[in-house]
Number of protein chains: 2
Amino acid sequence: MLREWVAGMKVVLADGTLLAINGSLVKNQTGYDLRSLFIGSEGTLGIIVEVTLKLTTPPGEVVRLVAGLPGLGPLLETFRRMRDAFPFVNAFEYFSREALDEVLTHHQLQDPFREHYPTYILVELETSLCGGAAAIEEKLVPLIEEGLVSDLVMSRNGKEADALLSLRERISETLSARHTLHKNDISVPIPALSDFLGELVPLIETRYPGFKVILFGHVGDGNLHVNLLKPPGMEKDAFFSFCKGADHDVFALVQRYQGSISAEHGVGLLKRDYLHYSRTPAELALMRAIKGVFDPRGIMNPGKIFAD
Amino acid sequence: MLREWVAGMKVVLADGTLLAINGSLVKNQTGYDLRSLFIGSEGTLGIIVEVTLKLTTPPGEVVRLVAGLPGLGPLLETFRRMRDAFPFVNAFEYFSREALDEVLTHHQLQDPFREHYPTYILVELETSLCGGAAAIEEKLVPLIEEGLVSDLVMSRNGKEADALLSLRERISETLSARHTLHKNDISVPIPALSDFLGELVPLIETRYPGFKVILFGHVGDGNLHVNLLKPPGMEKDAFFSFCKGADHDVFALVQRYQGSISAEHGVGLLKRDYLHYSRTPAELALMRAIKGVFDPRGIMNPGKIFAD
């Protein structure tokens, strides 16, 4: 979470005060953490004018692998096994067959596998931290033998590693280039991810009959990007208005799994009327009261997060 | 920072409301981060009754090394060099000769070196992540050749690793067992650590003439534990009252370095009257107003952090 990389910040408040919070300290336990309150407040508490970020060491040489899985069932078990086998898993990304199809078609790329699989993962590992490429390969064999993974390709050099990454990385831009779409960015507790997907897909098929669903996400964050493509021939306005309504069912499911209706992209105006699916009335009341402390006249990014 | 390991929590508010915040989500960007507000609030905003922690993989086999340095000057450069040389440095701890003396005497242990040095470090590295013990040793040689490090011992097995750790780990308990003391737990930006120490020690010698100073700390966090031992023959009350006054000078120096007067241990009652050295009047006013939102009648741990 980006939150963890922010050491300090400067913020201009509604009354013009310039607040310098935490400087570049790693440890500071002197009262309330105002810094975390401003992160993700979307300009409603003050305007962040400077941020001090912690730096990290860039990863060394990496290997990436793409694997085809026989379904959603083995997704979490494969994730657990990888986390047990390797000291660090830089990335563990999920994408559906439909997502891969879009990228392969749009960029005229070759499928890394002969067969089609319903579920794909992209995994990145730092070679030297994981004992070298041969040791990595050896630890992957049981996953195939046990049927968790149907097929697997692993990069042998930087060029291949980049090519494998692009299969996952290009999904979002490809969808935007080729389709009118409705995106959702949701999260659930990691152990609930497969069960949640098992309910989400039938729900979408019921609520959006005939719509194409493209799924991808960050398994290690419990974060899913759910994309609905506008069927050919449907009016844009009708499509978006339909999706806006059907979102209530999707978010009710998210709520039942104690998930978030916005994992990464905030609330703004688009998610404002759905906020109650992720935050309780008590939390919303506290957030409004905190907003009142910082911005009594309601001049800081009005209307965002909360309705006026 | 512990803050990063808290996924979610349950809190009872002043009006009896039970608030469940964030469950076990990794990513959730739906409004203000109330969770971070409660962490470190010392019971003044609500009573935390349940916490969901993120788990991490325990470290594998480690080597630990203790090194004697010719002074405070090379401390930061040695830290930088270690961070550059190794992908992860689990711990980089500093302690003074006086601190080591206390532990050696109290526990009747042998000095790991023949000579005395003014400055010591304890470093922990995970063997397999750093390419094995031989590779680690090889990377340490230049530090000795360049004179950053005067002498160095590295553990060859778990027993030796534990013995080296205990030289640092036992400092705090040893001091409490042997002395009446006044402790400070402060932090400064990491790059300022050596300069800060270079001013702190003469300041202490001036402000606390004849007092014994014991220094240790976590260099990677910019965090120093400053311990003043009561001189033999001085009354306890006189000692503590003297320290309380002299703290103003120490904290004024901390403030000049944009540091924190309490890195780890909070404010409570002891640091309450010094809070203004680390938080500006504007921050203090906001904190009080936030307190008012959660606890309008002032019944949650009254008197802590803020004076009534």
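Just so you know, all these numbers are worked out from the coordinates, no wet-lab data involved. Everything quoted here is computed from the prediction, not taken from an experiment. FYI the Cβ positions are ideal-geometry reconstructions off the backbone, even for glycines, and counts take in every protein chain you see.
Structural remarks
- Each peptide in A:50-59, B:96-105 receives the mean, over its residues, of other Cβ atoms within 10 Å, and ordering these scores from highest gives B:96-105, A:50-59.
- Difference of contour (0.36 nm per residue) and Cα-Cα distance, residue B:5 to residue B:101: 31.0 nm
- Mean projection of the Cα convex hull over all viewing directions, computed for region A:130-246: 9.6 nm².
- From the Kirkwood radius over Cα pairs of region B:165-308, Stokes-Einstein at 4 °C and 1.567 mPa s returns a whole-number translational diffusion coefficient of 78 µm²/s.
- Rg and Dmax [Cα atoms of the protein assembly as shown; Å; Rg one decimal, Dmax integer]: 27.7, 93
- Approximate spin-label separation residue B:265-residue A:256, in nm, with each point projected 7 Å along Cα-to-Cβ: 5.1 nm
- Annotation: Cα Rg of region B:39-88 relative to the compact-globule expectation 2.2 N^0.38 Å equals 1.97.
- Rounded Å value of the spacing that divides the Cα centres of region B:169-238 and region A:83-160: 52 Å
- Nearest-ten-degree value, helix A:236-256 long axis tilted from longest Cα axis of chain A: 90 degrees
- Most positive-pole-ward Cα, A:121, A:103, A:31, against dipole of chain A from beta carbon charges: A:31
- The charge dipole of chain B, taken about the Cα centre with unit charges on the Cβ atoms of Lys, Arg (+1) and Asp, Glu (-1), comes to about 880 debye, rounded to the nearest 20.
- Each residue, residue B:157 and residue B:238, gets one label point 7 Å from its Cα in the Cβ direction; the gap between the two is 5.3 nm.
- Among B:178, A:64, the ranking by other beta carbons within 10 Å of each residue's beta carbon, starting with the fewest, stands as B:178, A:64.
- Taken about its Cα centre, region A:188-258 carries a charge dipole of roughly 160 debye when the Cβ of each Lys and Arg holds +1 and the Cβ of each Asp and Glu holds -1.
- Radius of gyration (Cα atoms) of region B:251-308, expressed as a multiple of 2.2 N^0.38 Å: 1.17.
- With the charge dipole of the protein assembly as shown set up from +1 on Lys and Arg Cβ and -1 on Asp and Glu Cβ about the Cα centre, the Cα lying farthest toward the positive end among the listed residues B:213, A:276, A:293 is that of A:293.
- Ascending count of other beta-carbon atoms within 10 Å, so fewest first, for B:124, B:4: B:4, B:124
- Reachable lysines, given that their alpha-carbon falls under 17 Å from the alpha-carbon of residue B:230 and they are not under 8 places away in the same chain: B:183, B:212, B:244
- Neighbour-count ranking [beta-carbon atoms within 10 angstrom, fewest first] of B:237, A:195: B:237, A:195
- Helix-only mean residue ellipticity at 222 nm for chain B, each DSSP H run of n ≥ 4 adding -39500 (n - 2.57), per residue, nearest 500: -11500 deg cm²/dmol
- 10 Å Cβ neighbours from other chains, averaged over peptide B:36-48: 3
- Placing +1 on the Cβ of every Lys and Arg and -1 on the Cβ of every Asp and Glu, with nothing else charged, gives the protein assembly as shown a dipole about its Cα centre of roughly 1560 debye.
- Helix B:73-85 vs. chain B, principal-axis angle (Cα, 0 to 90°, nearest 10): 90 degrees
- Distance histogram in 10 Å bins (all Cα pairs of chain A, percent per bin): 5, 22, 28, 25, 16, 4, 0
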